[in-house]
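*Asks:* One structure is given below, represented as structure tokens, and several questions about it will come after.
The numbers here are math on the coordinates, done by the rules we state, and not lab data. Since we're looking at a predicted model, the values are computed, not measured. Counting neighbours? That spans all protein chains shown, and the Cβs are built from the backbone with ideal geometry, glycine included.
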Amino acid sequence: MRLRTLFALYLISTAAAIGSPFAIQKVEMARRRMIPVNSEAPLEPAPAQLEAPRGEFRPIPACQAPDGVEYYKDYHFSSGSDINDRRTFVPDINVQFCAVSKDGTVYLVGSSLVGASDNQSWFRAYTRAGQLKWSMPRDEYCSPPALSRDGTAYFISMPRTGNTALTSVDAAGQVRWTLATGGFDWNPVPPAIGPDGTVYAYTGVRSAPEIIAVTAQGKKLWNTSVLAKVSQIVVSPDGTIVVNVPSGHALAFDPQGHELWRFYSGARVINGGIAVAADGTVYFAAGFLFALDKKGATKWTYKSERTYTTNDYFDGSPVVADDGTIYVDSYYHLLYAVTPDGRKKWGVSSTSTSLPGLMLSNDGGLRTEWAWFAVSSGLATHGWPSPNGDAGNRRCQETNEGGATKEAQ
Amino acid sequence: MKSTSSPLQIGMGVLLGIVLQPLSLLIVEGLIVATTRAGTEQRGWGLMGATLGYFAYFGMAQVLTILPAALLLLPTGKRGVVRGLLAVGTFLALANIVLLVFLYLANHAGILGFDR
């Protein structure tokens with residue numbers, strides 16, 4: 001081959017190599033534009049937005065009490081649902097998680113403020129007036145607490161040296177029992193409590209990930225394997241345990257630990273979340289929002305309008321309102337209200353760069369980190385999360401008991 | 001100067017082309033070091049990005065070394081060495097295209113698990 005030809009070939013191939021990422025990007029964008037997303041017109045106008053209040057930092061919706069008092073995390077843990085009338089609730093610790101029992105006792109997982117003389121992690125209980133009831137030191141890494149109806153708190157914790165353990169603490173602050181689970185998990189997953197009081201927890205053992213069922217007295221009932229590290233455990237009204245695995249899987253088990261079904265979303269989303277409606281429909285936010293029936297079959301799929309243009313995805317826990325509306329927000333700041341049959345009720349966009357986070361109050365106050373909305377219906381009283389059978393109405397709530405209802409109580 | 005081209009020279013060109021490759025990364029890193037302040041986050045991210053980017057875009061990075069070397073050697077009449085250099089550069093460029101297309105297709109096929 002002549003040198004001149006070789007030179008031309010070299011220049012062409014080098015130019016092609018330089019241009020190939022742009023060409024691939026162009027092909028990809030053209031492909032994405034061909035795929036249908038939920039860009040239909042909303043069924044109703046979005047409610048007016050109120051800017052979320054600002055503290056020293058932007059407060060994050062944390063949990064709410066049965067009487068409607070809402071708690072927020074910022075530099076100082078604060079309470080109050082009136083934008084202009086929030087008050088500092090606990091000034092001396094950094095609060096990581098909270099939960100509120102039926103009698104209004106506020107349980108906090110926190111640690112000493114930076115620069116404090118002690119460097120300690122705490123599990124504390126406060127009265128609704130903000131008076132300290134009791135305080136106990138805890139391991140450095142701790143899950144949000146799950147509260148049973150009698151005020152017993154359950155959490156998974158781990159010291160820096162490893163070895164996770166499930167601990168039960170009664171309403172007076174006394175440790176009832178501790179069960180070593182032998183795992184290593186810097187972000188322990190909160191346990192969930194079934195309608196009969198059985199506690200379900202993820203062990204944190206990476207090499208052999210398992211869910212265990214433990215009685216309220218600390219006796220291990222069964223253990224069952226799961227695919228990989230678990231990020232969320234919820235219990236549906238009929239006692240089915242649904243487990244969120246960040247590999248994109250949702251697994252369902254019956255109360256005896258037998259696998260009922262497994263669903264793969266096709267997307268690996270670290271922070272995906274699960275909510276369960278009163279009729280047992282599982283809403284699984286993992287890339288798209290999936291509605292799954294009791295057999296794990298897809299009822300419908302909802303896709304963010306920005307799914308293919310900006311790789312937008314749903315990665316937080318959805319919440320279900322009493323009227324069946326599902327509220328879910330996306331990574332690129334779209335907040336959607338979706339009807340139970342998978343249609344767009346309304347959607348709003350934010351330019352905020354804050355992380356997603358949703359809390360629906362009992363009276364229809366929809367809280368995010370960037371805006372507050374007044375919606376037509378409060379949090380569903382059945383299903384998960386709910387004011388009675390909680391878990392993750394913004395990470396922690398009144399109680400982590402699945403399936404518990406007002407009637408049951 | 002008389003132009004020469006022999007299999008030995010071509011082999012030397014290929015060898016030179018391969019040996020020169022790490023220099024591309026050093027050139028980019030040198031540019032980052034020269035344009036950022038020591039101990040800054042910008043420099044840290046820049047150096048890390050350049051290193052990772054080099055392995056993804058080696059077919060583009062070769063232009064920083066192969067082309068100058070070929071242009072420098074061309075007037076000396078060592079055409080065989082230039083041929084070897086250009087062959088290495090062409091191979092790297094084409095291989096990079098194949099790699100990028102493979103990654104794109106594998107991603108969509110769900111083999112790598114990045115696609116959402």
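*Asks:* Determine the calculated [θ] at 222 nm for chain B from helices alone, applying -39500 (n - 2.57) to every DSSP H run no shorter than 4 residues and normalising by the residue count; nearest 500 deg cm²/dmol.
*Replies:* On the way: 5 runs with 87 residues, N = 116.
Rounded to the nearest 500, it is -25000 deg cm²/dmol.
*Asks:* Return the sequence-ordered ³J(HN,Hα) values of region A:233-246 in whole Hz as given by the Karplus equation 6.51 cos²θ - 1.76 cosθ + 1.60 applied to θ = phi - 60°, using x for Gly and Pro.
*Replies:* 10, 10, 10, 7, x, 8, x, 5, 9, 10, 10, 9, 10, x
*Asks:* So, in chain A, how many Lys pairs have Cα atoms under 18 Å apart, if the pair is 8 or more places apart or on different chains? Walk me through the numbers on the way to the answer.
*Replies:* On the way: A:Lys102/A:Lys133; A:Lys102/A:Lys406; A:Lys299/A:Lys344; A:Lys299/A:Lys345; A:Lys303/A:Lys344; A:Lys303/A:Lys345.
Count of close lysine pairs: 6.
*Asks:* Please give the helix A:3-34 orientation as an angle from the longest Cα principal axis of chain A, in degrees from 0 to 90, rounded to the nearest 10.
*Replies:* Roughly 50 degrees between the two axes.
*Asks:* Taking only the alpha-carbon positions of chain A and ignoring solvent, what does the Debye formula give for the base-10 log of I(q)/I(0) at q = 0.08, 0.12, 0.13, 0.15 Å⁻¹?
*Replies:* With one equal scatterer per Cα and no solvent, log10 I(q)/I(0) is -0.44, -0.91, -1.06, -1.39.
*Asks:* Among A:Arg124, A:Arg31, A:Arg306, which one moves the most in a GNM of chain A with springs linking Cα atoms closer than 10 Å?
*Replies:* A:Arg31
*Asks:* Using only atoms on other chains, find how many Cβ atoms lie within 10 Å of each Cβ of peptide B:18-30 and report the average. Each step should come with its number before you reach the end.
*Replies:* Values: counts 0, 0, 0, 0, 0, 0, 0, 0, 0, 0, 0, 0, 0.
Mean number of neighbouring Cβ atoms from other chains: 0.
*Asks:* Projecting each Cα onto the charge dipole of the protein assembly as shown (Lys/Arg +1, Asp/Glu -1 at the beta carbon, about the Cα centre), which of A:Gly182, B:Val82, B:Val19 comes out farthest on the positive side?
*Replies:* Projecting each Cα onto the dipole axis, the largest value belongs to B:Val82.
*Asks:* Between region B:36-64 and region A:229-304, what is the separation of their alpha carbon centroids in Å?
*Replies:* Each part reduced to its Cα centre gives a spacing of 41 Å.
*Asks:* Once both labels are modelled 7 Å past Cα along the beta-carbon direction, what's the B:Thr35-A:Glu44 spacing in nm?
*Replies:* It works out to 5.4 nm between the two label points.
*Asks:* Which lysines have a Cα lying under 25 Å from the Cα of B:Lys78, excluding residues fewer than 8 positions away in the same chain?
*Replies:* In chain and number order, the partners are B:Lys2.
*Asks:* OK, next. Shape call for region B:11-110 from the C-alpha gyration tensor, a ≥ b ≥ c root eigenvalues: rounded (a/c under 1.5), prolate (a/b greater than b/c) or oblate? Provide the component values of the computation, followed by the final result.
*Replies:* Values: a/c = 3.57, a/b = 1.24, b/c = 2.88.
Since a/c reaches 1.5 but b/c is at least a/b, the shape of region B:11-110 is classed as oblate.
*Asks:* In sequence order, what are the phi-derived ³J(HN,Hα) couplings for region B:43-58 according to the Karplus relation 6.51 cos²θ - 1.76 cosθ + 1.60 with θ = phi - 60°, rounded to whole Hz, with x for glycine and proline?
*Replies:* With coefficients 6.51, -1.76 and 1.60, one gets 5, x, 5, x, 5, 5, x, 5, 5, 5, x, 4, 6, 8, 10, 4 Hz.
*Asks:* Can you tell me which of A:Glu369, A:Glu259, A:Glu40 moves the most in a GNM of chain A? Springs connect C-alpha atoms under 10 Å apart.
*Replies:* Looking only at A:Glu369, A:Glu259, A:Glu40, the largest GNM fluctuation is found for A:Glu40.
*Asks:* Can you tell me which of A:Phe22, A:Phe290, A:Phe123 moves the most in a GNM of chain A? Springs connect C-alpha atoms under 10 Å apart.
*Replies:* A:Phe22
*Asks:* Give me the inter-chain shielding for B:90-97: mean count of other chain Cβ atoms within 10 Å, whole number please. Don't jump to the answer; show the numbers that get you there.
*Replies:* Values: counts 9, 2, 4, 11, 5, 2, 7, 9.
Other-chain Cβ atoms within 10 Å of each residue's Cβ, averaged: 6.
*Asks:* Going by how many other beta carbons lie within 10 Å of each one, how would you line up A:Trp372, A:Trp261, fewest first? Walk me through the intermediate numbers first.
*Replies:* Values: A:Trp372 20, A:Trp261 17.
In increasing order of surrounding Cβ atoms, one gets A:Trp261, A:Trp372.
*Asks:* I've got another one for you. Would you list A:Ile18, A:Ile193 from fewest to most Cβ contacts within 10 Å? Working shown, then result.
*Replies:* Values: A:Ile18 16, A:Ile193 28.
Listed from fewest to most nearby Cβ atoms, that is A:Ile18, A:Ile193.
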